[in-house]
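Here's the structure we're looking at; comments come further down.
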Amino acid sequence: MADPRFFVADGPFTLARLAEVAGAKLSAGADPARQLRDVAPLDEAGTDDVSFLDNKRYLEALKASRAGAVILHPDHADAAPDGAALLLTETPYKAYALVAQLFYPATEGVPGIHPAAVVDSSARLASDCRVGPGAVIGSGVEIGAGGRVEANAVIGDNAVIGARCRIGAGASLSHCLVGDDVVIHPGVRIGQEGFGFASDETGHTKVPQLGRVVIGDRVEIGANSTIDRGSGPDTVIGAGCMIDNLVQIGHNVKLGPGCVVVAQVGIAGSTKLGKGVVLGGQVGIAGHLNIGDGAQIAAFAGVMRDMPGGEAYAGAPAVPVKQAFRQVAALARLANKKSDT
Amino acid sequence: MADPRFFVADGPFTLARLAEVAGAKLSAGADPARQLRDVAPLDEAGTDDVSFLDNKRYLEALKASRAGAVILHPDHADAAPDGAALLLTETPYKAYALVAQLFYPATEGVPGIHPAAVVDSSARLASDCRVGPGAVIGSGVEIGAGGRVEANAVIGDNAVIGARCRIGAGASLSHCLVGDDVVIHPGVRIGQEGFGFASDETGHTKVPQLGRVVIGDRVEIGANSTIDRGSGPDTVIGAGCMIDNLVQIGHNVKLGPGCVVVAQVGIAGSTKLGKGVVLGGQVGIAGHLNIGDGAQIAAFAGVMRDMPGGEAYAGAPAVPVKQAFRQVAALARLANKKSDT
Amino acid sequence: MADPRFFVADGPFTLARLAEVAGAKLSAGADPARQLRDVAPLDEAGTDDVSFLDNKRYLEALKASRAGAVILHPDHADAAPDGAALLLTETPYKAYALVAQLFYPATEGVPGIHPAAVVDSSARLASDCRVGPGAVIGSGVEIGAGGRVEANAVIGDNAVIGARCRIGAGASLSHCLVGDDVVIHPGVRIGQEGFGFASDETGHTKVPQLGRVVIGDRVEIGANSTIDRGSGPDTVIGAGCMIDNLVQIGHNVKLGPGCVVVAQVGIAGSTKLGKGVVLGGQVGIAGHLNIGDGAQIAAFAGVMRDMPGGEAYAGAPAVPVKQAFRQVAALARLANKKSDT
């Protein structure tokens, strides 16, 4: 069960309620009135807990689990331990997400501005915002209903932040328009000048960076990631994008809606991603490129040219994933030959 | 035009003035007294705006642009739209930089120390410095004329910062000597202990890190980058270096003047870069290496040995760029053969 | 010598004392009563300084050094300059570490909570803790003896921190249990939600992240690194691990004791490292993998599958290091052929 130092569970809830929330079917013989008290991983769950199986790597943990109920795909029902009630669904991870949200709804906290925060008198914050100690909110800033600015975060002059956003501890934002339900994790840097200068033998002449960062609704940005403002055009993060930790997004980059960007990815200036593009960890993408809708780029890849949508790519320089596999295999064979003549 | 929430344009300026500032020649028939009110990207510019073309990828945008004036290379003059006055120059990007600086000079702000800053009484700040709320300035710190320390930045004891420097929100500096006209972006970490320890079967014994970080004039360091202090020798960033976001610079590294280091580069301890070295995004360089003057290392490369100056390199392990291209091509051919026997 | 702006040396100490502390043998003819005043690099040391040689790259600097004493391996004694007393040891780097610690013991500072810190009344801090200006310590937090929380760091509600820990400027911690003698460098982010969501055509459904970060004794975590809390299981950093700057550690990752993780490494969710694993700079490791005890993974590698312990690996995808070298050599030969038919 989750450590009560840090988490407080709602509940208990009946199996029937869980099945309803999860959009799952109860297995034959399961008692709909049975009460569950918490969620837990397969290897830690007890008879009062509901757990889940999403990744086949954990089938052994399923077999050995003492969980009172398990959310899983019907194909894996046979591997479940005898005592467990089953919540059967084609999408067990999403079903678990919904059940876990039921037990652990987002905490609300008490609205108010901490006396050690510094909020400019011209800033307009909805009355139910929470602002932590040491947070600094500049002139002309707007923050919508339910906003939360954590300790020591800094919001630059005239930034606009929608409803129900969370700005993490020590983050800094400037020159940005942020939608609703956005989560900015601790240490994120948004809106600073991009890396723009003209170089010649006299040195580097800085180019004023005159754009903004525009962030859609329901975006999440991971800890210590950096998003530079545009140089003239805006830098744009589409609605519903999920961005992990330590990601770099250069000036003028556009992300279509629903992209997934895993940790330590770097996207150079003026590159455009379509809808639902997925970038694996540590991927790098050169500047001024177009990556099509639904393209998937495997971890560690380095992308040097435009990539059509709907395909998977890997390698550095990145190529279609089948070709990348062939290259890896061919090189392994070549290296293992006694002689290469 | 730039969003007036965040930017206020000077001007208007005549074409003649812009040509003078840009070091550009007016095209035949352009009226030197014509007034321009702002800069804007080709696809957003109107008849009162001046735009620019630097990258051939945007020739189509040039043709369709409604810009009142365009800064561009004479070779592209024919592609410009009929209505536009042309500012012709061999270096359009630098010319644009100078024009944009004219419209958007660095804002000065009002000098003063915010009452919510914490400045040690022994610190010596020039009288025209600006210190934001929550900034912490330690004992013995010196900051030169025109210095600006943004909200919640932390300057450790005895650090020395030259004239006209900007220290971004939430950055932290210690054990450093910083030159004039340096820009430190938000979240940068300078001067913490390097990664030094002696390992044996009893564990890791820490080596005291007794050097400093010495930063030359006109250096710029991107958001959330990290520069460790030396272990005994100093870590040195030469004058005029441009360093992007999320870059890691290990202890004792030396960068010659004018280097360009793109985002997410890592330079391991005690490596030395000559003058004007350019490192593409995500490049990694192993420790104790020498990279010669003017070397250019392509994005994603991994450098494992010394690299003579004046050449371009790519790949991991990095090799001269022509050799890297041959390797990529050879591997692609090999993988595409029906059989590799 | 170290810059007295930033460092104050103890001493002087006799050669006899240094030999004892270093576990080294004095060379014949060296005067045990000779006094040394400081440590210094070979090329900067004077006759009152003790220096060291650990890396053969610096043999020339040894020959030219004016150091009064040098710590080095007996095999290199012949290369030492005539005037220098030698401290002979099989482990010169560790010996130097111990001598440097003698000259530069960790500074203690004056206990106390700065009036500009914000410490919740329910937090329990040992009486000799130091809390800097702007630091924010939440409700129910516990910090052990000798703890030090630097300026503008943020400790979330109910976090537990052991004895003699240092939390760097601007770092943020939440949902974590931290052991004794841990060093968290500036800007580190610990305990934020991991990157967990279930995706389908309706978008990304967030999975509540209900685990913690558990950090063992004597761990060090470099500047601006990020460690997400577990999703249900904990994220665990074993005792004595050394983690460099800008490292990303995903939810549920486990590091065994004594691992070394160089800068910009990324470890994806649920991967497990054994004891004493070493990861070079910029290494990436995919999720749900097992890396065995003592495995060593070279800089820039990308690990896509389980790796048995006790071996060295390189490349992307990573393979045993000998195989990686053969691949590099084979590709170089292939690319250099006039024709590849």
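The values are calculated or read from the model by the stated rules, or taken from the named source; none is laboratory data. All figures in this text were calculated on a predicted structure; none of them were measured in a lab. Positions of Cβ are generated from backbone atoms using ideal geometry, with glycine treated the same way; all protein chains shown enter the neighbour counts.
Structure data summary
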| read-out | value |
| --- | --- |
| Residue in the stretch A:49-69 that is farther than 22 Å from C:Pro208 by Cβ and either buried (at least 23 other Cβ atoms within 10 Å of the Cβ) or aromatic (Phe, Trp, Tyr) (or both) present | no |
| Criterion: buried (at least 24 other Cβ atoms within 10 Å of the Cβ), away from chain A (no Cβ under 13 Å) and touching a strand residue (DSSP E or B) at 6+ places or on another chain (Cβ under 7 Å) - qualifying residue of C:Cys165, C:Cys176 | C:Cys165 |
| Residue in the stretch B:332-340 that is touching a Phe, Trp or Tyr at 6+ places or on another chain (Cβ under 6 Å) and facing another protein chain (nearest Cβ under 9 Å) present | no |
| Index of the failed condition, C:Thr235 passing every other in (1) hydroxyl-bearing (Ser, Thr, Tyr); (2) in contact with a Ser or Thr (Cβ under 9 Å, 6 or more places away or on another chain); (3) under 20 Å from A:Met1 (Cα atoms) | (2) |
| Top-ranked residue of the stretch C:301-311 - restricted to ones that are of a type in the set (A, V, I, L, M) and assigned to a loop (DSSP other than H, G, I, E, B), ranked as farthest from the chain's Cα centre (by Cα) | C:Met304 |
| Selection count where residues are away from chain B (no Cβ under 14 Å), under 25 Å from the mean Cα position of the chain (by Cα) and in a loop (DSSP other than H, G, I, E, B), scope the stretch C:125-152 | 5 |
| Residue within the stretch A:221-235 that is out of contact with any His (no Cβ under 9 Å at 6 or more places or on another chain) and more than 10 Å from chain B (Cβ to nearest Cβ) present | no |
| Residue in the stretch A:263-279 that is crowded, with 24+ Cβ neighbours inside 10 Å, within 14 Å of B:Ala263 (Cβ to Cβ) and in contact with a Pro (Cβ under 7 Å, 6 or more places away or on another chain) present | no |
| Identity of the residue in the stretch B:31-43, among the hydrophobic types (A, V, I, L, M, F, W, C) and crowded, with 19+ Cβ neighbours inside 10 Å, that ends up farthest from the other protein chains (Cβ to nearest Cβ) | B:Leu36 |
| Subset of the stretch C:180-220 (residues that are outside any loop (DSSP other than H, G, I, E, B), crowded, with 24+ Cβ neighbours inside 10 Å and more than 7 Å from chain A (Cβ to nearest Cβ)) | C:Ile184, C:Ile190, C:Val213, C:Ile215 |
| When residues of the stretch A:286-297 are limited to those that are more than 13 Å from chain B (Cβ to nearest Cβ) and part of a loop (DSSP other than H, G, I, E, B), the one surrounded by the most Cβ atoms within 10 Å (Cβ to Cβ) | A:Ala295 |
| Scope the stretch C:318-329; condition of a type in the set (A, V, I, L, M, F, W, C) and assigned to a helix (DSSP H, G or I); matching residues | C:Val321, C:Ala324, C:Phe325, C:Val328, C:Ala329 |
| Residue pairs meeting the criteria (Cβ under 8 Å; at least 6 apart or on separate chains; first assigned by TED's automatic domain parsing to the domain that holds C:Ile190 and within 26 Å of B:Ala151 (Cβ to Cβ), in the stretch C:155-178; second among the small types (Gly, Ala, Ser) and surrounded by fewer than 21 Cβ atoms within 10 Å (Cβ to Cβ)) | none |
| B:Gly187 vs. criteria touching a strand residue (DSSP E or B) at 6+ places or on another chain (Cβ under 8 Å) and modelled with pLDDT of 95 or more | yes |
| Among (1) surrounded by fewer than 19 Cβ atoms within 10 Å (Cβ to Cβ); (2) under 20 Å from A:Phe195 (Cα atoms); (3) within 10 Å of chain C (Cβ to nearest Cβ), the one test that B:Val283 misses | (1) |
| Criterion (touching a Pro at 6+ places or on another chain (Cβ under 7 Å) and at pLDDT 95 or above) met by exactly one of A:Gly315, A:Gly292 | A:Gly292 |
| Out of C:Gly266, C:Gly287, C:Gly256, C:Gly274, sole residue that is without any contact (Cβ under 8 Å) to a residue 24 or more places away in the chain and in the same structural domain as C:Gly240 (by TED's automatic domain parsing) | C:Gly266 |
| Matching residues in the stretch A:236-269 - criterion: being of a type in the set (Val, Ile, Thr), more than 10 Å from chain C (Cβ to nearest Cβ) and either more than 15 Å from the chain's Cα centre (by Cα) or in a loop (DSSP other than H, G, I, E, B) (or both) | A:Val236, A:Val253, A:Ile267 |
| Checking A:Glu108 against (1) surrounded by 13 or more Cβ atoms within 10 Å (Cβ to Cβ); (2) part of a loop (DSSP other than H, G, I, E, B), the condition it does not meet | (1) |
| For C:Ala28: the one exception among (1) among the aliphatic types (A, V, I, L, M); (2) touching a helix residue (DSSP H, G or I) at 6+ places or on another chain (Cβ under 8 Å); (3) surrounded by fewer than 17 Cβ atoms within 10 Å (Cβ to Cβ) | (2) |
| Among the residues listed as B:Gly109, B:Gly46, the single one being more than 9 Å from every other protein chain (Cβ to nearest Cβ) and either β-branched (Val, Ile, Thr) or farther than 30 Å from A:Ala116 by Cα (or both) | B:Gly46 |
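To keep it simple, each residue is scored yes or no on (1) surrounded by 19 or more Cβ atoms within 10 Å (Cβ to Cβ); (2) in contact with a strand residue (DSSP E or B) (Cβ under 8 Å, 6 or more places away or on another chain); (3) part of a strand (DSSP E or B).
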| position | (1), (2), (3) |
| --- | --- |
| A:Ala299 | yes, yes, no |
| A:Tyr313 | yes, yes, yes |
| A:Ala316 | yes, yes, no |
| A:Leu331 | yes, no, no |
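Residue by residue, here is whether (1) facing chain A (nearest Cβ under 10 Å); (2) in contact (Cβ under 8 Å) with a residue 24 or more places away in the chain holds:
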site: B:Leu59; (1), (2): no, no
site: B:Arg66; (1), (2): no, no
site: B:Asp78; (1), (2): no, no
site: B:Ala97; (1), (2): yes, no
site: B:Phe103; (1), (2): yes, yes
